[in-house]
Amino acid sequence: MNQKKTDLLHEQYLKTLSRERKIIRMYQLLIFISFFGLWEVSSQQRWIDPLLFSSPSKIWNLLIDKTLDGSLAVNLGVTLAETVLGFILGTLLGTVLAGLLWWSPMLSRILDPYLVVLNSMPKVALGPILIVALGTNLTSIVAMGAIISIIITTIVVYTAFKEVDPNYLKVLQTFGATRTQCFREAILPASFPTIISTLKVNVGLSWVGVIVGEFLVSARGLGYMIIYGFQVFNFTLVFLSLFVIAVFATLMYQLVELLERKLIKSNQ
Amino acid sequence: MDFLTLRGIHHTYFTKTSAVTALNNISLDVQEGEFVSFLGPSGCGKTTLLSIIAGLIEPSEGQIALEGRPVKEAADKTGYMLQQDYLFPWKTIEENIFLGLKISGTLNDTRKKEVLSLLGQMGLGNVDSLYPKQLSGGMRQRVALVRTLATEPKLLMLDEPFSALDYQTKLKLEDLVANTFKAFGKTAILVTHDIGEAVAMSDRIFLFSPRPGRLHKTFVIPEELRDLSPFNARNHPLYNELFQTIWKELESLEPEEN
Ligand SMILES: Nc1ncnc2c1ncn2[C@@H]1O[C@H](COP(=O)(O)OP(=O)(O)OP(=O)(O)O)[C@@H](O)[C@H]1O
Ligand SMILES: [Mg+2]
């Protein structure tokens, strides 16, 4: 009898939960529809300047055009490739640099003030110099995507390296382990969760670096589409690029989050 | 020739704000196959002395030799089990117990089989693919012991290996360790706070006094107790007698604590 009552209550609880979920979904949809609906109507009724603010239907039509003539895919592909490369390079180099700092405590003390300065500095300001140094091409854009996350990755990962319980190293030293072995057997695996979580931050940073890089180089990519649209006063193109960026940046972030959950789970 | 000799060991820790003398003029010998205990109140430098014997830290002064050679060169002859088990949580039990062999590059199929069978003898069959956090405290301690034994050290150092365990587990492990070491003819140094444990397990007890740590007295355990397993030794009349003697000695080291 008591069991029955508990079951009943549990069922009610589950019902409340699913009702709440439905309400939330409904409101989310409502916001979406009213935003774009309002936008479309105000543009058509000329409450806002359609030349400046475009409209969802125009953007949609342009999306179809650009998809059909293949130019969107090309630009998207370029930007995605640059971002992924920049992101991987930034994380990898940052981790390697952290390893070097761990390897030589002297080096880490010498470099400390420089790291602080470099970390505080807005990296995108280096853009023009990168382009001068590396040329107006893909390399300098990838460099932008990487440079923006290297220093912060170095600092975060190095801190994680230093926080590894020294007793694990002591265990290894009793077996006569070298510093390389200590790094491979204790420091790196113990800091693995931290490294994975910097991936998530870096993916967002790399998008910033790459888009700014494309603004400056102005040759190809979604960032170029924005700048081009701005220059020729085609704001439909600007909005289209913005939406494509929003969608793919979100997708990439979710992908990294999924990867993180998988890796961290298998690490335990 | 003595197996392990310490002559005039001093050690001082330096920090920015202070210099702490942890050990002062320690000289002692340990024979091959002997089981000795370091007993003493907290802070009298027991862990420091073990770290010196293990070659992990260099003493400020003094000589130390294992079979006539400096301990720095004899890292493969010593095994050191830390105050806690420090099993690597990201490695399986199997990877944990093979760690020492992997580090020294001597991991092969024969050794693997031997180490796994040792794990079995410790009453831990079928745990090799599990992770440390899936084991109880007593099981983890046994795994740590297997990890230390895996490289076949001649000298084993155990730093309060049973202090975090419940009483029953502790008594069982004492017997297991004593039997294993006797069977393999290992020389062992046990660090402990527990007088009973020292009396039940050792052949000799070195009693240390604190601030600065120095060797206060040495007790030789009578033959009758040595031949018994730790558990049975605890029931012997001589056990209580020795316990009382050492207890009084320890009391005299810590004047008016309460
Ligand atoms: N790394 C260190 N730096 C500075 N002082 C230290 C360091 N390690 C130990 N000491 C000091 O040296 C003295 C002896 O420490 P040690 O850890 O060897 O004692 P212990 O006998 O093992 O104590 P316990 O029984 O509590 O484990 C203590 O006063 C301690 O504060
Ligand atoms: Mg200690």
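Any read-out appearing in this document is the output of simple, stated calculations on the displayed coordinates, not a laboratory observation. Note that this is a predicted model, so its numbers are computed, not measured. Virtual Cβ from ideal backbone geometry, glycine too; neighbours counted across all protein chains shown.
Over the stretch A:3-48, what portion of Cα pair distances is larger than 16 Å, expressed as a whole percent? Tail fraction, whole percent: 60. Taking label positions 7 Å along the Cα-Cβ direction at both B:Tyr13 and A:Ala246, the computed distance is 5.8 nm, reported to one decimal. The Cα-based radius of gyration of the stretch B:1-119, divided by its Kirkwood radius, gives an Rg/Rh of 1.03. Take the Cβ atoms of A:Lys262 and B:Tyr167, set R0 to 45 Å, and the FRET efficiency comes out at 0.55.
For the cross-link pairs A:Lys66/A:Lys123; A:Lys200/B:Lys112; A:Lys4/B:Lys133; B:Lys72/B:Lys172; B:Lys72/B:Lys133; A:Lys123/A:Lys162, the ones whose C-alpha atoms lie over 30 Å apart are A:Lys66/A:Lys123; A:Lys200/B:Lys112; A:Lys4/B:Lys133; B:Lys72/B:Lys172; B:Lys72/B:Lys133. One chain, two ends: A:Met106 and A:Asn234. Fully extended at 0.36 nm per residue, the span grows by 40.6 nm beyond their Cα-Cα distance. Sorting A:Met121, A:Met144, B:Met139, A:Met225 from the fewest to the most surrounding beta carbons within 10 angstrom yields A:Met121, B:Met139, A:Met225, A:Met144. Of the three principal axes defined by the Cα atoms of chain B, the extents in descending order read 52, 46, 39 Å. Distance between the modelled labels on A:Phe35 and A:Leu17, one decimal in nanometres: 2.9 nm (7 Å Cα→Cβ projection). The relative contact order of chain A, computed from alpha carbon pairs under 8 Å that lie at least 6 residues apart in sequence, is 24 percent. Averaging the sequence gap over all C-alpha pairs within less than 8 Å and six or more residues apart, then dividing by the number of residues, gives the stretch B:4-253 a relative contact order of 26 percent. Ranked from largest, the principal axis spans of the Cα set of the stretch A:18-76 equal 45, 32, 13 Å.
Here is how the number arises for chain B: DSSP H runs of 4 or more residues each give -39500 (n - 2.57), the sum is divided by the residue count, and the result at 222 nm is -10500 deg cm²/dmol. Each residue, B:Thr106 and A:Ser42, gets one label point 7 Å from its Cα in the Cβ direction; the gap between the two is 7.8 nm. Beta bridges assigned by DSSP with both partners in the protein assembly as shown are antiparallel in approximately 50 percent of cases. Built from the Cα atoms of the protein assembly as shown, the convex hull projects on average onto 39.2 nm², one quarter of its surface area. Applying 0.36 nm per residue to the separation of B:Trp247 and B:Lys182 and subtracting their alpha-carbon distance, the gain on full extension is 20.7 nm.
Grab the beta carbon distance between B:Glu94 and B:Leu228, set R0 = 41 Å, and tell me the FRET efficiency rounded to 0.05. It comes to 0.75.
Per-residue shielding of A:169-182, expressed as the average number of other chain Cβ atoms within 10 Å of the residue Cβ, stands at 6.
Under the criterion of Cα pairs below 8 Å and six or more residues apart, the relative contact order for the stretch B:112-211 equals 26 percent. With a cut-off of 17 Å on the backbone N, the residues of the stretch A:140-171 near the modelled label site 7 Å out from A:Val84 along Cα-Cβ are A:142-143, A:145-146.
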